[in-house]
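Enquirer: Handing you a structure now.
The values are calculated or read from the model by the stated rules, or taken from the named source; none is laboratory data. Note that the structure is predicted; figures quoted are calculated from it, not measured. Backbone-built Cβ (ideal geometry, glycine too); neighbour counts: all protein chains shown. We work out accessible area using only protein heavy atoms, side chains counted, and drop any ligands, DNA or RNA first. Shrake-Rupley method; radii C 1.70, N 1.55, O 1.52, S 1.80 Å.
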Amino acid sequence: MRRNAGRFGGRFDSSLVLNEPGRPDLYKQSFNFYFPGSERFTIWNVTVITARKAFWQKTHDIAYNRVAGMLTTEELEMNFKLHFEAAERSKTGKILSYKLAERDEMRFEHLGGLTFDEQLQKLEAEIVCNEPPVVHESFLLDRSYAYGVGVEIVLDVDVIDQAAIEAAIDRFMAIGEKDWVAHEPVPRDRLPAVSESEALATVQFPP
């Protein structure tokens, strides 16, 4: 943390880039970092996401399960099966390496001729409008991590930046470094009105 204090402020550390110039806000919805606990030998290994991102993740999970439930086991296996082809051969014709073969996505008659991903995006948009999932701010511990103790954090903020991370650390320490879920859900007007794919399609990158 001392070595990277100029990048992160000195209270946490990460192998990721936090303040990339020109990055759109929709690409600042999550971050992974480490910080020391109050006990001498505790390191918290954190994944933090915005409530917006948590909302989209829940929406995706609901839609994915529904689309998968519309297909048979055989159809799912065929849809996700990877096909490989020779990428490089020796002078004698022996295959030295493989690459993922390009193929058209499967279309399903009982999905109206749509592919799995097309039906998934269609349902995500419908769920956001008609069945928006509830999201709470939270701190959830996971002690199965190989390095440190895992913490999954959901914050009701617009972007994950240094200020949001430091405020989350302060709140986590204040509640005693334990699981916590807010009693009240994040207000609906603080959550997206469109699906993630629809939102990302509107992002304009600087030239």
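Enquirer: So how far, in whole Å, is the C-alpha centre of the range 59-119 from the one of the range 125-203?
Expert: The range 59-119 and the range 125-203 have Cα centres spaced 31 Å from each other.
Enquirer: Follow-up. Quick one: what are the phi-derived ³J(HN,Hα) couplings along the range 15-29, Karplus 6.51/-1.76/1.60 with θ = phi - 60°, whole Hz, x for glycine and proline?
Expert: Values, residue by residue: 8, 9, 9, 9, 10, 6, x, x, 6, x, 4, 5, 9, 10, 9 Hz.
Enquirer: Sorted by accessible area with a 1.4 angstrom probe, largest first, how do 59, 72, 92 fall?
Expert: The residues order as 92, 72, 59, largest area first.
Enquirer: Another question about this same structure. Please compute one quarter of the surface area of the Cα convex hull for the range 82-124 and express it in square nanometres.
Expert: For the Cα atoms of the range 82-124, the hull's average projected area reads 4.0 nm².
Enquirer: Skipping prolines and chain starts, which residues have an amide H placed within reach, meaning under 5 Å, of the one on residue 186, given they are 5 or more residues away or on another chain?
Expert: Hits under the 5 Å cutoff: 135, 136, 137.
Enquirer: With θ set to phi - 60° and the Karplus curve 6.51 cos²θ - 1.76 cosθ + 1.60, what are the ³J(HN,Hα) couplings of the range 79-89 in order, to the nearest whole Hz, using x for Gly and Pro?
Expert: Couplings: 5, 9, 5, 8, 10, 10, 9, 4, 9, 8, 10 Hz.
Enquirer: Could you grab the relative contact order for the range 1-114? Cα pairs under 8 Å, six or more apart, rounded to a whole percent.
Expert: It comes to 12 percent, rounded to a whole number.
Enquirer: Here is a follow-up. I need the fraction of alpha carbon pairs in the range 132-207 separated by more than 15 Å, rounded to a whole percent.
Expert: When every Cα pair of the range 132-207 is considered, 68 percent fall beyond 15 Å.
Enquirer: Taking all protein chains together and a probe of 1.4 Å, list 2, 52 from the most accessible to the least accessible.
Expert: The most accessible residue leads, giving 2, 52.
Enquirer: Just for the Cα atoms in the range 1-136, what are the lengths along the principal axes, largest first, rounded to whole Å?
Expert: 58, 55, 34
Enquirer: Another question, if that's okay. Can you give the convex hull volume per residue for the Cα atoms of the range 67-207, as a whole number of Å³?
Expert: 268 Å³
Enquirer: Okay, next question. Determine the dipole magnitude for the chain: charges of +1 sit on the beta-carbon of Lys and Arg, -1 on that of Asp and Glu, nothing else is charged, the reference point is the Cα centre, and the result goes in debye to the nearest 20.
Expert: Around 980 debye, computed over the chain.
Enquirer: Which pairs, out of 122/178; 53/99; 53/122, put more than 29 Å between their alpha-carbon atoms?
Expert: Long pairs (Cα-Cα over 29 Å): 122/178; 53/99.
Enquirer: Percent of accessible area on the range 1-135 owned by carbon and sulfur, 1.4 Å probe?
Expert: Result for the range 1-135: 50 percent of the exposed heavy-atom area is carbon or sulfur.
Enquirer: Using θ = phi - 60° and the Karplus curve 6.51 cos²θ - 1.76 cosθ + 1.60, what whole-Hz ³J(HN,Hα) does each residue of the range 170-184 get, with Gly and Pro shown as x?
Expert: Result, ordered by residue: 4, 5, 4, 5, 5, 8, x, 6, 9, 4, 7, 10, 4, 5, 9 Hz.
Enquirer: Counting only helical runs of four or more DSSP H residues, what would the 222 nm mean residue ellipticity of the chain come to if each run contributes -39,500 (n - 2.57) and the total is spread over all its residues?
Expert: For the chain, the value works out to -9500 deg cm²/dmol.
Enquirer: Separate question: Please list 123, 141, 96, 16 in order of solvent-accessible area, largest first, computed with a 1.4 Å probe with all protein chains present.
Expert: So, going from the largest accessible area down, we get 96, 16, 141, 123.
Enquirer: Could you pull out the trypsin sites (Lys or Arg not before Pro) across the range 139-188 that fall in loop regions by DSSP (anything but H, G, I, E, B) with no more than 14 other Cβ atoms inside 10 Å?
Expert: 143, 178
Enquirer: Same structure, new question: Share of antiparallel DSSP beta bridges in the range 45-202, in percent to the nearest 5?
Expert: Of all bridge pairs located within the range 45-202, approximately 70 percent are antiparallel.
Enquirer: If you count only protein heavy atoms with a 1.4 Å probe, what accessible area per residue comes out for the chain, rounded to a whole Å²?
Expert: 64 Å²
Enquirer: Please list, ordered by chain and number, the residues whose modelled amide H lies under 5 Å from the amide H of residue 151; skip anything fewer than 5 residues away on the same chain.
Expert: 45, 46, 47, 142
Enquirer: While we're looking at this one, here's another question. I need the calculated FRET efficiency for the pair residue 199 and residue 100, taking r as the beta carbon distance and R₀ as 30 Å, to the nearest 0.05.
Expert: 0.60
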